[in-house]
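Peer 1: Pasting in a structure now, in structure tokens, and then I'll have a few things to ask.
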Amino acid sequence: MNGELTAQATNAAIDKGVRQFQGVLSGDDLSHAHKLLSLMLPPHGATVVDAGCGIGETARLMADLRPDLRFVLVNADRHQLDLAPRKFKRLLADYCAMPLPDASADVVMFCYALCDDERAELALQEARRVLKPGGVLFMHEPVNVGGGNVALWSAMCSHLRTPAEIGALAGDAGFALDWSGALCGADQFEVLTGREAADQIWRGVASAVFRLVRRCEVTDAFSRHERVALQFSGGRDSTATLYLLRNFWPRMTVYHVDAGDQFPETRAVVARARAEVEAAGGRFEVIRTDVEASRHEFGLPSDLVPADHTPLGRAVAGDALPIVGRYECCARNIMLPMHERMRADGNTLLVRGQRDSDFATPPLRSGQESGGFEVLYPIQAWTGEQVEAYLRGQGLPIADFYPEGVLRASDCMTCTAWWDDGRAQYLRRFHPKQHQVFIARATQVRDAIDRQRAWLTKEMEA
Ligand code: SF4
């Protein structure tokens, strides 16, 4: 239909009180939207793309019922899009080429949008591109259930697909069927065309609903495991990974360690993530450790450990300041408590925000096993720029220290190790008390290293 005809048909329908241009599955318009939502099952806070949105009435009603959902309306027809609620993001675009980033939506829905469109294959491929792993393709479409669709063809030159044809198309596009059913609902068309004509035109046609899931390595990995753990530090990479897997939140437990010296900026990110995960039916566990007690007992962490300051060295060299390697300190206070808890809870799949570009040689790849877990790294191939763009594009929480030049989200504010974090300048500006603590302790560590280093220099210059 060209733009002018679409505008005429749209206005005529609205004049007759029809605002959702689709078969109504249940009662009035609001009940219909409720029925669709009950079949769609969007996760809490989901981004839902309404592809071919009409005048956005279905999205408007759904948003009334589920205010947590964020709708993006896509329509190639300017007149219809102009009539859609302005509170939603509205995109004048073909649903076969949506101006949306990869993996940015939790649900893509087509409601009487594909119908007989010959480009359905392209549209479903595009839906797959914009969906996150495990994202839902939801279709409420008219289907041919009564033979050759002769009546519809002669009335409107329209030839609908059978449910089996739609299922095959979606399968080819990379979706796995979760649920489908053919449900009646031609009431809207009776209003538009009169009962007799509607009976003629829609003979052999039913409204069918398909709920399909975007297949990928993540869905495959989740299908192999009963219990799944996601390690969450509150840093950029783990935040991107967590939200990329929003559709899996009800099936996973998020683990976070607070060692007692956390940036308040990180704590704010963790608080928001926790609230959203729990609202979506996921579990969020915070494991508390005491890094200050560990520093007193085992020593200050450092990127260099002088021999005289190790436990054995101190036994020989006397009462030197205890110093431990950064990996040992992190293992004791962060990694091991988390690992032990995840094992005790029976998890067998471990999801982390590890990226290849952070390593010269990545220690593990997705699908490999380590310490009793299969590991899954959904953003393994992403660059740092992609992570940043993803977080900003999705409006996700980012700790305030990143824009100020801190490179990594340190687990501990006053840590005397991880010298390449770029943390000290930020501490001095925004957390002066913690900066003083850091400087006092780092001075002790540096003095110890300098003393031991001086012996090496002396030997080399002798
Ligand atoms: S961040 Fe620093 S202080 Fe905290 S556990 Fe790791 S090495 Fe220890």
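Peer 1: Round to a whole number: what % of the accessible area of the chain belongs to carbon and sulfur, probe 1.4 Å?
Peer 2: Looking at the chain in its full context, I get 53 percent from C and S.
Peer 1: Also, quick follow-up: Net charge around D345, counting only other residues with Cβ within less than 12 Å of its Cβ (Lys, Arg = +1; Asp, Glu = -1)?
Peer 2: +1
Peer 1: Please determine, in degrees from 0 to 90 and to the nearest 10, the orientation of helix 384-393 with respect to the longest principal axis defined by the Cα atoms of the chain, where the helix direction is its Cα long axis.
Peer 2: 50 degrees
Peer 1: Let me ask another. For the chain, give me the percentage of DSSP beta bridges that are antiparallel, rounded to the nearest 5 percent. Working shown, then result.
Peer 2: On the way: 19 of 56 bridges.
Among the beta bridges of the chain, antiparallel pairing accounts for roughly 35 percent.
Peer 1: Among all the aspartates and glutamates, which ones have a C-alpha under 19 Å from K458's C-alpha, if same-chain residues fewer than 8 places away are not counted?
Peer 2: D308, D447, D450
Peer 1: Please state, to two decimals, what the Cα-based radius of gyration of the chain comes to when divided by 2.2 N^0.38 Å (N = residues).
Peer 2: Rounded to two decimals, the normalised Rg is 1.27.
Peer 1: Something else now. Using +1 at the C-beta of Lys and Arg and -1 at the C-beta of Asp and Glu, which of S370, L92, A12 has the Cα lying farthest in the positive direction of the dipole of the chain?
Peer 2: The residue sitting most towards the positive pole is S370.
Peer 1: In square angstrom, what is the accessible area per residue of the range 14-128 with a 1.4 angstrom probe?
Peer 2: 40 Å²
Peer 1: From the square roots a ≥ b ≥ c of the eigenvalues of the alpha-carbon gyration tensor of the range 8-87, which class results: rounded (a/c under 1.5), prolate (a/b over b/c), or oblate?
Peer 2: oblate
Peer 1: Express the accessible area of the range 219-398 per residue in Å², computed with a 1.4 Å probe while the remaining protein chains stay in the model.
Peer 2: Working: 8010 Å² over 180 residues.
Ligands and nucleic acids excluded, the figure is 44 Å² per residue.
Peer 1: State the volume of the convex hull built on the alpha-carbon positions of the range 219-398, expressed per residue in Å³ and rounded to an integer.
Peer 2: It is 133 Å³ per residue.
Peer 1: Charges at C-beta only: +1 for Lys and Arg, -1 for Asp and Glu. How large is the resulting dipole of the chain about its Cα centre, in Debye rounded to 20?
Peer 2: Details: 51 positive and 60 negative charges, 173 e Å.
Once rounded to the nearest 20, the dipole reads 820 debye.
Peer 1: What is the spin-label model distance, in nm, from E459 to D178 if the labels are put 7 Å beyond Cα along the C-beta direction?
Peer 2: 6.4 nm
Peer 1: What FRET efficiency, computed as 1/(1 + (r/R0)^6) with R0 = 25 Å and r the Cβ-Cβ distance, is obtained for E369 and F298, rounded to the nearest 0.05?
Peer 2: According to the calculation, E is roughly 0.25.
Peer 1: Which FRET efficiency value, to the nearest 0.05, is calculated for D68 and D447 with the Förster distance at 56 angstrom and r the Cβ-Cβ distance?
Peer 2: 0.55
Peer 1: To continue, here is another question. Using Cα pairs closer than 8 Å and at least 6 residues apart in sequence, work out the relative contact order for the range 334-462, in percent.
Peer 2: On the way: 98 pairs, mean separation 18.5, N = 129.
Relative contact order, the range 334-462: 14 percent.
Peer 1: Further question on the same structure: Which angle from 0 to 90°, rounded to the nearest 10, does the C-alpha axis of helix 120-130 make with the longest principal axis of the chain?
Peer 2: Roughly 20 degrees between the two axes.
Peer 1: Let me ask another. Using only the Cα atoms of the range 3-215, construct the convex hull and provide its projected area averaged over every direction, in square nanometres to one decimal.
Peer 2: The directionally averaged projection comes out at 10.5 nm².
Peer 1: Continuing with the same structure: Could you tell me how many degrees, from 0 to 90 and to the nearest 10, lie between the Cα long axis of helix 264-279 and the main elongation axis, the longest principal axis, of the Cα atoms of the chain?
Peer 2: 40 degrees
Peer 1: A further question follows. If R₀ is 22 angstrom, what is the calculated FRET efficiency for the pair T162 and R119, using the beta carbon separation as r and rounding to 0.05?
Peer 2: Efficiency, rounded to the nearest 0.05: 0.75.
The values are calculated or read from the model by the stated rules, or taken from the named source; none is laboratory data. A quick note: this is a predicted structure, and the numbers were derived from the prediction, not measured. For neighbour counting, all protein chains shown are included, and Cβ atoms are generated from backbone atoms with ideal geometry for every residue, glycine included. Note: accessible area is taken over every heavy atom of the protein model, side chains too, but ligands, DNA and RNA are not part of it. Shrake-Rupley method; radii C 1.70, N 1.55, O 1.52, S 1.80 Å.
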